[in-house]
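First the structure, in the form of C-alpha coordinates, and then the observations on it.
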Amino acid sequence: MNKQVDKIRIEIQRLKKLPTLSHSANKILHLTEKENTHLDELINIIERDPHILSKTLSIANIICLGYSEPITNIKDALLKIGFNNLKNVALSVSIFSLFKPLGEKELTYRKLFKHSIATGVISKYISSAILDNYEELNETVFTAGLLHDLGLFALHYIYYEAYIKIENLVLRGKNILEAENEVIDLDHSIIGKWLSEWWGLPEDIGEVILYHHEDPGKLDNKYRKNIALIHLANYIAEKSGYAVYNGANESVFYESGVYSILTLPDIQELINTAKSELTLERINIL
Ligand SMILES: [Fe+2]
Ligand SMILES: [Fe+2]
(Lines give C-alpha, C1' and ligand atoms only; values in the text may rest on other atoms or scores of the structure.)
(Ligands and ions follow the chains in the order given, each with its own letter.)
Protein backbone atom coordinates (compact mmCIF):
# COMPACT_ATOMS: atom_id res chain seq x y z
CA MET A 1 0.00 0.00 0.00
CA ASN A 2 1.44 3.36 -0.93
CA LYS A 3 1.82 6.40 1.29
CA GLN A 4 -1.08 8.23 -0.29
CA VAL A 5 -3.53 5.44 0.55
CA ASP A 6 -2.14 5.18 4.06
CA LYS A 7 -2.66 8.88 4.51
CA ILE A 8 -6.22 8.73 3.27
CA ARG A 9 -7.04 5.73 5.44
CA ILE A 10 -5.75 7.60 8.46
CA GLU A 11 -7.77 10.67 7.53
CA ILE A 12 -10.90 8.58 7.08
CA GLN A 13 -10.30 6.91 10.41
CA ARG A 14 -9.96 10.35 11.93
CA LEU A 15 -13.14 11.30 10.20
CA LYS A 16 -14.81 8.42 11.98
CA LYS A 17 -14.05 10.20 15.19
CA LEU A 18 -15.08 13.61 13.89
CA PRO A 19 -18.57 13.69 12.46
CA THR A 20 -20.24 11.10 14.56
CA LEU A 21 -23.92 11.00 13.77
CA SER A 22 -25.68 13.86 15.47
CA HIS A 23 -27.95 13.04 18.38
CA SER A 24 -30.98 13.79 16.18
CA ALA A 25 -29.73 11.57 13.34
CA ASN A 26 -29.04 8.73 15.73
CA LYS A 27 -32.51 8.98 17.19
CA ILE A 28 -34.12 9.13 13.76
CA LEU A 29 -32.16 6.05 12.67
CA HIS A 30 -33.71 3.99 15.44
CA LEU A 31 -37.30 5.16 15.23
CA THR A 32 -39.77 2.60 13.97
CA GLU A 33 -43.21 2.98 12.51
CA LYS A 34 -44.55 0.32 14.84
CA GLU A 35 -44.48 2.42 17.95
CA ASN A 36 -46.99 5.25 18.04
CA THR A 37 -44.90 7.50 20.25
CA HIS A 38 -42.28 7.52 17.52
CA LEU A 39 -44.52 9.59 15.24
CA ASP A 40 -44.50 12.50 17.67
CA GLU A 41 -40.84 11.98 18.41
CA LEU A 42 -39.94 12.20 14.71
CA ILE A 43 -41.98 15.38 14.30
CA ASN A 44 -40.35 16.90 17.40
CA ILE A 45 -36.81 16.11 16.25
CA ILE A 46 -37.40 17.63 12.81
CA GLU A 47 -39.21 20.70 14.13
CA ARG A 48 -36.48 21.45 16.65
CA ASP A 49 -33.82 21.85 13.96
CA PRO A 50 -34.54 24.65 11.43
CA HIS A 51 -32.02 23.28 8.90
CA ILE A 52 -33.44 19.74 8.96
CA LEU A 53 -36.96 21.16 8.91
CA SER A 54 -36.53 23.37 5.85
CA LYS A 55 -34.59 20.80 3.80
CA THR A 56 -36.97 17.99 4.76
CA LEU A 57 -39.99 20.03 3.68
CA SER A 58 -38.33 20.96 0.38
CA ILE A 59 -37.50 17.33 -0.41
CA ALA A 60 -40.98 16.19 0.65
CA ASN A 61 -42.37 18.65 -1.89
CA ILE A 62 -40.14 17.21 -4.61
CA ILE A 63 -41.27 13.64 -4.02
CA CYS A 64 -44.92 14.65 -3.71
CA LEU A 65 -45.37 15.28 -7.36
CA GLY A 66 -49.10 14.86 -7.69
CA TYR A 67 -50.16 17.37 -5.07
CA SER A 68 -50.95 20.91 -6.15
CA GLU A 69 -50.84 22.35 -2.64
CA PRO A 70 -47.28 22.65 -1.38
CA ILE A 71 -46.37 20.96 1.88
CA THR A 72 -45.65 23.68 4.41
CA ASN A 73 -45.45 21.83 7.71
CA ILE A 74 -44.12 18.56 8.95
CA LYS A 75 -47.46 17.01 9.95
CA ASP A 76 -48.67 17.60 6.43
CA ALA A 77 -45.48 15.99 5.11
CA LEU A 78 -46.05 12.97 7.34
CA LEU A 79 -49.56 12.62 5.95
CA LYS A 80 -48.49 12.91 2.32
CA ILE A 81 -45.22 10.99 2.17
CA GLY A 82 -45.65 8.65 5.16
CA PHE A 83 -43.57 7.87 8.22
CA ASN A 84 -40.76 5.91 6.56
CA ASN A 85 -40.12 8.37 3.75
CA LEU A 86 -40.19 11.28 6.16
CA LYS A 87 -37.82 9.49 8.51
CA ASN A 88 -35.45 8.62 5.67
CA VAL A 89 -35.40 12.14 4.27
CA ALA A 90 -34.73 13.64 7.72
CA LEU A 91 -31.96 11.11 8.37
CA SER A 92 -30.29 11.80 5.02
CA VAL A 93 -30.54 15.56 5.46
CA SER A 94 -28.91 15.37 8.88
CA ILE A 95 -26.13 13.15 7.49
CA PHE A 96 -25.47 15.54 4.57
CA SER A 97 -25.30 18.49 6.94
CA LEU A 98 -22.33 16.84 8.71
CA PHE A 99 -20.32 17.37 5.55
CA LYS A 100 -21.56 20.83 4.66
CA PRO A 101 -18.61 23.09 3.85
CA LEU A 102 -18.32 26.85 3.58
CA GLY A 103 -16.63 29.01 0.97
CA GLU A 104 -15.26 27.69 -2.32
CA LYS A 105 -16.20 24.09 -1.54
CA GLU A 106 -19.89 24.96 -1.42
CA LEU A 107 -20.47 24.82 -5.16
CA THR A 108 -19.17 21.26 -5.57
CA TYR A 109 -20.99 20.21 -2.39
CA ARG A 110 -24.27 21.49 -3.84
CA LYS A 111 -23.78 19.49 -7.05
CA LEU A 112 -23.19 16.38 -5.00
CA PHE A 113 -26.21 17.15 -2.83
CA LYS A 114 -28.46 17.64 -5.88
CA HIS A 115 -27.16 14.45 -7.49
CA SER A 116 -28.02 12.55 -4.32
CA ILE A 117 -31.55 13.95 -4.10
CA ALA A 118 -32.12 13.26 -7.82
CA THR A 119 -30.92 9.64 -7.43
CA GLY A 120 -33.20 9.14 -4.40
CA VAL A 121 -36.24 10.63 -6.13
CA ILE A 122 -35.63 8.66 -9.35
CA SER A 123 -35.14 5.36 -7.50
CA LYS A 124 -38.32 5.92 -5.50
CA TYR A 125 -40.26 6.79 -8.65
CA ILE A 126 -39.03 3.75 -10.60
CA SER A 127 -39.64 1.35 -7.72
CA SER A 128 -43.15 2.58 -6.99
CA ALA A 129 -44.50 3.68 -10.40
CA ILE A 130 -42.74 1.43 -12.91
CA LEU A 131 -41.62 -1.85 -11.34
CA ASP A 132 -44.28 -4.51 -10.72
CA ASN A 133 -42.19 -6.24 -8.11
CA TYR A 134 -42.04 -3.17 -5.87
CA GLU A 135 -43.07 -5.17 -2.80
CA GLU A 136 -40.02 -7.35 -3.20
CA LEU A 137 -37.75 -4.35 -3.03
CA ASN A 138 -36.83 -3.20 0.39
CA GLU A 139 -38.57 0.05 1.26
CA THR A 140 -35.22 1.63 2.01
CA VAL A 141 -34.30 2.00 -1.69
CA PHE A 142 -35.20 5.67 -1.41
CA THR A 143 -32.71 6.22 1.43
CA ALA A 144 -30.14 4.10 -0.37
CA GLY A 145 -30.59 6.39 -3.39
CA LEU A 146 -30.13 9.47 -1.23
CA LEU A 147 -27.07 8.09 0.54
CA HIS A 148 -25.40 6.02 -2.19
CA ASP A 149 -22.55 8.54 -2.60
CA LEU A 150 -21.90 8.97 1.11
CA GLY A 151 -18.21 8.24 0.43
CA LEU A 152 -18.03 11.14 -2.01
CA PHE A 153 -19.37 13.51 0.65
CA ALA A 154 -16.65 12.28 3.01
CA LEU A 155 -13.94 12.57 0.36
CA HIS A 156 -15.09 16.06 -0.54
CA TYR A 157 -15.11 17.05 3.13
CA ILE A 158 -11.73 15.74 4.20
CA TYR A 159 -9.73 15.62 1.00
CA TYR A 160 -10.95 18.40 -1.24
CA GLU A 161 -7.66 18.64 -3.11
CA ALA A 162 -7.97 15.01 -4.22
CA TYR A 163 -11.65 15.54 -5.02
CA ILE A 164 -10.76 18.33 -7.46
CA LYS A 165 -8.01 16.23 -9.06
CA ILE A 166 -10.57 13.46 -9.54
CA GLU A 167 -13.03 15.94 -11.04
CA ASN A 168 -10.44 17.07 -13.58
CA LEU A 169 -9.76 13.49 -14.65
CA VAL A 170 -13.49 12.75 -14.99
CA LEU A 171 -13.96 15.90 -17.08
CA ARG A 172 -11.15 14.65 -19.32
CA GLY A 173 -13.01 11.38 -19.97
CA LYS A 174 -12.11 8.95 -17.19
CA ASN A 175 -14.91 7.26 -15.31
CA ILE A 176 -15.26 8.05 -11.64
CA LEU A 177 -13.71 4.82 -10.32
CA GLU A 178 -10.72 4.99 -12.68
CA ALA A 179 -10.12 8.60 -11.66
CA GLU A 180 -10.39 7.88 -7.93
CA ASN A 181 -8.10 4.88 -8.15
CA GLU A 182 -5.55 6.97 -10.01
CA VAL A 183 -5.61 9.76 -7.42
CA ILE A 184 -6.24 8.02 -4.10
CA ASP A 185 -5.86 4.33 -4.95
CA LEU A 186 -9.30 3.55 -3.58
CA ASP A 187 -12.81 4.69 -4.36
CA HIS A 188 -15.79 6.41 -2.76
CA SER A 189 -17.86 3.23 -2.54
CA ILE A 190 -15.33 1.75 -0.07
CA ILE A 191 -15.14 4.97 1.94
CA GLY A 192 -18.95 5.11 2.07
CA LYS A 193 -19.17 1.50 3.21
CA TRP A 194 -16.69 2.18 6.06
CA LEU A 195 -18.79 5.09 7.21
CA SER A 196 -22.08 3.19 6.94
CA GLU A 197 -20.64 0.44 9.13
CA TRP A 198 -19.24 2.91 11.60
CA TRP A 199 -22.60 4.62 11.95
CA GLY A 200 -24.61 1.42 12.00
CA LEU A 201 -26.71 2.20 8.95
CA PRO A 202 -28.90 -0.69 7.78
CA GLU A 203 -27.03 -3.47 5.98
CA ASP A 204 -28.94 -3.10 2.69
CA ILE A 205 -27.98 0.57 2.46
CA GLY A 206 -24.32 -0.28 3.15
CA GLU A 207 -24.36 -2.90 0.41
CA VAL A 208 -25.83 -0.46 -2.11
CA ILE A 209 -23.19 2.10 -1.14
CA LEU A 210 -20.44 -0.48 -1.68
CA TYR A 211 -21.67 -1.96 -4.97
CA HIS A 212 -23.55 0.84 -6.76
CA HIS A 213 -20.89 1.16 -9.50
CA GLU A 214 -20.51 -2.61 -10.08
CA ASP A 215 -22.25 -4.64 -12.76
CA PRO A 216 -25.34 -5.86 -10.84
CA GLY A 217 -25.70 -8.78 -13.26
CA LYS A 218 -22.44 -10.22 -11.97
CA LEU A 219 -23.16 -9.79 -8.28
CA ASP A 220 -24.06 -12.62 -5.98
CA ASN A 221 -25.69 -10.47 -3.34
CA LYS A 222 -29.05 -10.69 -1.61
CA TYR A 223 -29.63 -6.98 -2.23
CA ARG A 224 -28.86 -7.13 -5.94
CA LYS A 225 -32.29 -5.74 -6.91
CA ASN A 226 -31.72 -2.69 -4.74
CA ILE A 227 -28.19 -2.37 -6.10
CA ALA A 228 -29.44 -2.65 -9.70
CA LEU A 229 -32.09 -0.01 -9.04
CA ILE A 230 -29.66 2.50 -7.54
CA HIS A 231 -27.07 1.78 -10.26
CA LEU A 232 -29.81 2.65 -12.77
CA ALA A 233 -31.13 5.70 -10.87
CA ASN A 234 -27.59 7.06 -10.51
CA TYR A 235 -27.13 6.82 -14.30
CA ILE A 236 -30.51 8.43 -15.05
CA ALA A 237 -29.69 11.27 -12.62
CA GLU A 238 -26.43 11.86 -14.52
CA LYS A 239 -28.20 11.85 -17.88
CA SER A 240 -30.93 14.20 -16.61
CA GLY A 241 -28.54 17.00 -15.71
CA TYR A 242 -27.73 15.93 -12.14
CA ALA A 243 -24.27 14.44 -12.46
CA VAL A 244 -21.66 14.93 -9.77
CA TYR A 245 -18.99 16.17 -12.20
CA ASN A 246 -20.72 16.33 -15.64
CA GLY A 247 -18.16 14.00 -17.21
CA ALA A 248 -19.33 12.30 -20.42
CA ASN A 249 -18.43 8.84 -19.08
CA GLU A 250 -18.83 9.61 -15.41
CA SER A 251 -20.35 6.28 -14.37
CA VAL A 252 -20.10 3.06 -16.34
CA PHE A 253 -23.66 1.87 -16.90
CA TYR A 254 -24.15 -1.91 -17.00
CA GLU A 255 -27.38 -1.90 -18.94
CA SER A 256 -27.68 -5.64 -19.59
CA GLY A 257 -26.87 -6.39 -15.93
CA VAL A 258 -29.67 -4.08 -14.76
CA TYR A 259 -32.16 -5.44 -17.30
CA SER A 260 -31.35 -9.03 -16.38
CA ILE A 261 -32.59 -8.25 -12.85
CA LEU A 262 -35.35 -5.64 -13.26
CA THR A 263 -38.18 -5.58 -15.79
CA LEU A 264 -38.23 -2.08 -17.20
CA PRO A 265 -38.96 -0.02 -20.33
CA ASP A 266 -35.89 0.86 -22.39
CA ILE A 267 -33.33 3.19 -20.90
CA GLN A 268 -33.98 6.19 -23.15
CA GLU A 269 -37.68 5.99 -22.38
CA LEU A 270 -36.87 5.91 -18.65
CA ILE A 271 -34.61 8.94 -18.95
CA ASN A 272 -37.32 10.84 -20.86
CA THR A 273 -39.95 9.84 -18.31
CA ALA A 274 -37.73 10.96 -15.43
CA LYS A 275 -37.16 14.31 -17.13
CA SER A 276 -40.84 14.88 -17.94
CA GLU A 277 -42.58 13.37 -14.91
CA LEU A 278 -40.32 14.19 -12.04
CA THR A 279 -39.96 17.97 -12.34
CA LEU A 280 -36.41 17.46 -11.14
CA GLU A 281 -35.68 21.16 -11.64
CA ARG A 282 -37.31 21.68 -8.26
CA ILE A 283 -34.06 20.28 -6.87
CA ASN A 284 -32.33 23.47 -8.02
CA ILE A 285 -34.08 25.55 -5.38
CA LEU A 286 -32.81 23.38 -2.55
FE1 LIG B 1 -21.10 6.79 -6.77
FE1 LIG C 1 -23.92 8.75 -7.67
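Scanning the range 43-60 for residues that are among the aliphatic types (A, V, I, L, M) and surrounded by fewer than 14 Cβ atoms within 10 Å (Cβ to Cβ) yields no hits at all.
Flag: Ala243 matches the condition of being touching a residue at least 60 places away in the same chain (Cβ under 8 Å), under 21 Å from Thr143 (Cα atoms) and in contact with a Ser or Thr (Cβ under 9 Å, 6 or more places away or on another chain). From the list Gly120, Gly151, the one residue that fits, being within 14 Å of ligand 2 (Cβ to nearest atom), over 15 Å from Val89 (Cβ atoms) and in contact with a helix residue (DSSP H, G or I) (Cβ under 7 Å, 6 or more places away or on another chain), is Gly151. Of all residues in the range 106-134, which are surrounded by fewer than 19 Cβ atoms within 10 Å (Cβ to Cβ) and either more than 14 Å from the chain's Cα centre (by Cα) or more than 16 Å from ligand 1 (Cβ to nearest atom) (or both)? Across the range 106-134, the qualifying residues are Glu106, Leu107, Thr108, Arg110, Ser128, Ala129, Ile130, Leu131, Asp132, Asn133, Tyr134.
Taking Lys275 as the residue in question, decide whether it is modelled with pLDDT under 90, surrounded by 15 or more Cβ atoms within 10 Å (Cβ to Cβ) and either under 16 Å from the mean Cα position of the chain (by Cα) or within 25 Å of Glu167 (Cβ to Cβ) (or both). Criteria met by Lys275.
Among the residues of the range 236-248, is any touching a His at 6+ places or on another chain (Cβ under 6 Å), β-branched (Val, Ile, Thr) and over 27 Å from Ser24 (Cα atoms)? Checked the range 236-248: at least one residue is touching a His at 6+ places or on another chain (Cβ under 6 Å), β-branched (Val, Ile, Thr) and over 27 Å from Ser24 (Cα atoms).
To keep it simple, each residue is scored yes or no on (1) modelled with pLDDT of 90 or more; (2) of a type in the set (Ser, Thr, Tyr).
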site	(1), (2)
Ser116	yes, yes
Ser127	no, yes
Lys165	yes, no
Trp198	no, no
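The values are calculated or read from the model by the stated rules, or taken from the named source; none is laboratory data. Please read these numbers as outputs of a predicted model, since none were measured by experiment. All Cβ positions, even for glycine, are placed from backbone atoms using ideal geometry, and neighbour counts span all protein chains on display.
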